Amino acid sequence: MQDNESDIYLILCIIYSGLASEVKRLKTGVAGMDELLEGGIPEDFFVAVTGEPGCGKTIFSIHFINQGIIEGDKCIYITTEESRESIIRQASQFGMRFGDAMNDGKLIIIDALMGREDRWSLQNLDPEALVSKIIEAKKELGYGRARVAVDSLSAFWLDKPAMARRYSYFIKKVLSKWNFTILAVSQYAITTAESFGWGIEHIADGIIRFRRLLRGGELKRFVIIEKMRQTNHSRYLHEIDVKPGVGMVVLRRVEMRAEDYKLPPEVLRKILEAKRKSEGIL
Ligand SMILES: Nc1ncnc2c1ncn2[C@@H]1O[C@H](COP(=O)(O)OP(=O)(O)OP(=O)(O)O)[C@@H](O)[C@H]1O
Ligand SMILES: [Mg+2]
């Protein structure tokens with residue numbers, strides 16, 4: 001090879017390796033959140049969104065889907081805890097027009113709560129039925145990058161928590177063949193986590209954990225990125241807020257030690273004891 005040819009070859013190799021290592025990211029649609037994630041959630045990732053009731057999991061998922069609608073992604077929202085209408089209403093409070101997006105063929109909301117007989121409802125919480133319904137929805141929406149929010153995935157193993165890991169592995173494996181970036185909402189129950197170990201958390205490519213606390217008589221909400229593969233993400237707790245007419249925003253980094261927001265070990269022990277007693281294990 002001539003000298004100038006080998007130089008060109010070297011330059012091409014550098015450009016190619018740069019392109020290959022570049023991670024494409026999807027914006028979350030929440031002001032201030034992408035900065036914690038080096039720009040967003042990597043494409044094709046399966047991300048667990050966890051936290052206690054009322055801490056913002058659904059609202060975060062709604063923002064993620066709305067951002068997809070804005071960017072022309074194919075969007076699928078599965079709702080198990082609220083009806084389709086409730087999700088549309090919640091989104092509309094933040095100026096997001098989910099009804100229009102559905103009419104325009106950009107969004108399908110699969111209702112797994114109401115048990116209706118329509119095409120985009122699930123009659124029971126069966127992981128195989130979920131996966132085939134998601135694939136059917138994707139075919140309906142057509143070719144292209146897709147976002148899926150399953151709110152919640154943990155509802156699918158509500159009465160059999162020991163299946164959490166197997167079910168989430170199955171769902172991730174099947175859906176990974178498609179160009180889906182998935183948010184899997186997982187309700188955080190101390191008792192379930194302690195009794196059955198990690199379910200979705202090891203299988204997920206990322207974990208976004210929301211928290212809520214009473215501070216000085218006021219309800220405060222927080223977020224921490226506990227895991228995001230291929231990402232130099234923030235490792236700090238941030239305070240968030242849900243603003244009327246706007247939705248979720250990240251406010252500021254807070255100085256808090258884990259002991260400040262985790263339950264004291266004694267309280268945790270008592271909760272577990274009560275749970276085991278009620279199940280007749282003790
Ligand atoms: N229009 C609004 N303006 C201000 N705050 C709102 C508005 N709508 C909802 N919220 C706040 O968001 C909370 C609900 O958040 P979200 O539904 O995302 O919780 P979640 O984590 O999904 O809870 P769950 O596990 O019970 O489903 C409400 O309890 C309320 O505090
Ligand atoms: Mg919710």
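The values are calculated or read from the model by the stated rules, or taken from the named source; none is laboratory data. Small disclaimer: the values here were computed from a predicted structure and weren't measured. Cβ coordinates were reconstructed from backbone atoms using ideal geometry, including for glycine residues, and neighbour counts include every protein chain displayed.
Run Val223 past the list (1) within 16 Å of ligand 2 (Cβ to nearest atom); (2) assigned to a strand (DSSP E or B); (3) at pLDDT below 95; (4) not polar (S, T, N, Q) and report the number of the one that doesn't hold.
So the condition that Val223 fails would be (3).
Of everything in region 64-79 that's outside any helix (DSSP H, G or I) and more than 14 Å from the chain's Cα centre (by Cα), which residue is nearest to Phe156 (Cα to Cα)?
So the residue we want is Lys74.
So which of Val249, Val185 is surrounded by fewer than 17 Cβ atoms within 10 Å (Cβ to Cβ) and either within 14 Å of Phe60 (Cβ to Cβ) or at pLDDT 95 or above (or both)?
Of Val249, Val185, the one residue that is surrounded by fewer than 17 Cβ atoms within 10 Å (Cβ to Cβ) and either within 14 Å of Phe60 (Cβ to Cβ) or at pLDDT 95 or above (or both) is Val249.
Any idea which of (1) on the phi > 0 side of the Ramachandran plot; (2) at pLDDT 95 or above; (3) not aliphatic (A, V, I, L, M) is the one Gly115 doesn't satisfy?
Against the list (1) on the phi > 0 side of the Ramachandran plot; (2) at pLDDT 95 or above; (3) not aliphatic (A, V, I, L, M), Gly115 comes up short only on (2).
Exactly one of these conditions fails for Ser121: (1) among the hydroxyl-bearing types (Ser, Thr, Tyr); (2) within 20 Å of the chain's Cα centre (by Cα); (3) farther than 15 Å from Ile171 by Cβ. Give me its number.
That leaves (2) as the condition not met.
Within the bounds of region 48-66, is there any residue that is farther than 27 Å from Pro244 by Cβ and not aliphatic (A, V, I, L, M)?
no
Being within 15 Å of ligand 1 (Cβ to nearest atom), under 27 Å from Thr28 (Cα atoms) and acidic (Asp, Glu) is the requirement here; does Asp205 meet it?
So Asp205 fails the test.
Quick one: Ile78 ticks every box in (1) at positive phi; (2) in contact (Cβ under 8 Å) with a residue 24 or more places away in the chain except a single one, so which number is it?
(1)
State whether the residues of region 99-113 include one that is within 14 Å of ligand 2 (Cβ to nearest atom) and either touching a Leu at 6+ places or on another chain (Cβ under 6 Å) or assigned to a helix (DSSP H, G or I) (or both).
Checked region 99-113: at least one residue is within 14 Å of ligand 2 (Cβ to nearest atom) and either touching a Leu at 6+ places or on another chain (Cβ under 6 Å) or assigned to a helix (DSSP H, G or I) (or both).
Could you tell me whether any residue of region 168-180 is more than 20 Å from Asn124 (Cα to Cα), surrounded by fewer than 17 Cβ atoms within 10 Å (Cβ to Cβ) and among the hydrophobic types (A, V, I, L, M, F, W, C)?
Yes; the residues of region 168-180 include at least one that is more than 20 Å from Asn124 (Cα to Cα), surrounded by fewer than 17 Cβ atoms within 10 Å (Cβ to Cβ) and among the hydrophobic types (A, V, I, L, M, F, W, C).
If a residue must be crowded, with 21+ Cβ neighbours inside 10 Å, assigned to a helix (DSSP H, G or I) and of a type in the set (S, T, N, Q), how many such residues does region 114-153 contain?
0
This table checks each residue for (1) near ligand 1 (Cβ under 9 Å from one of its atoms); (2) crowded, with 22+ Cβ neighbours inside 10 Å.
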position	(1), (2)
Cys55	yes, yes
Ile65	no, yes
Ile78	no, yes
Glu85	no, no
Ala91	no, yes
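When region 48-63 is examined, which residues are found to be closer than 24 Å to Asn124 by Cβ and either away from ligand 2 (no atom under 12 Å from the Cβ) or assigned to a helix (DSSP H, G or I) (or both)?
Ala48, Lys57, Thr58, Ser61
From the list Trp120, Trp157, exactly one residue is away from ligand 1 (no atom under 16 Å from the Cβ), among the aromatic types (Phe, Trp, Tyr) and within 30 Å of Val242 (Cα to Cα). Which is it?
So the residue among Trp120, Trp157 that is away from ligand 1 (no atom under 16 Å from the Cβ), among the aromatic types (Phe, Trp, Tyr) and within 30 Å of Val242 (Cα to Cα) is Trp120.
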